[in-house]
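Trainee: This is the structure I have questions about; it appears just below.
No value in this document is a laboratory result; all are computed from the given coordinates. Predicted model only: the values in this text are computed from it and were never measured. Backbone-built Cβ (ideal geometry, glycine too); neighbour counts: all protein chains shown.
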């Protein structure tokens, strides 16, 4: 893939670097180890036994906190949504009082997150986990991330920057468009569709500006 990005892959936010397990930290260590194994391999190959081996505990130890693989996957996805919420919050803080710039920054951060964590993002949005209240933490973290996006749009409307339209629909349009662009980046499909080398940052900027033009009033 020819897509370029200036940011290097980092440790998942909210996770400590892998280190020997110590009493009282098993739940957190399991999630961090599982997140790392997920990105190193794939969802299908992840198991509670593999997680136990990575952190150096008995193969039954993770079952104290996760009843099965699906509950472990739900925990990983919830971490992903919390990271996304944090990224959006940081975009807001970086561009205080400028909703358009906040959305542009959030778009860049979203694309970067997908590029660095494709397996986690697939877990978050791939229909692998139930969308009901089976895992309340997962549902709540996903709703919070979407609410953060809606808050930016709502502020833009109150300032007269964005048109008065259904906030949820506008947020969904932005999210789904940037998500789709992100998937094109990681799949390599853009390299086949576009003759020139694809550069992540300027293309994300261009697409987001087009989306913002549709949101702006007047």
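Trainee: How many nm separate the modelled label positions at residue 143 and residue 64, each set 7 Å beyond the Cα in the direction of the Cβ?
Mentor: Distance between the two pseudo-spin positions: 3.1 nm.
Trainee: Sort 111, 121 by Cβ crowding within 10 Å, fewest neighbours at the top.
Mentor: On the way: 111 25, 121 21.
With the sparsest Cβ surroundings first, the list reads 121, 111.
Trainee: Can you pull the three principal axis extents for the Cα set of the stretch 77-215, in Å, largest first?
Mentor: Principal extents (Cα only, largest first): 44, 40, 25 Å.
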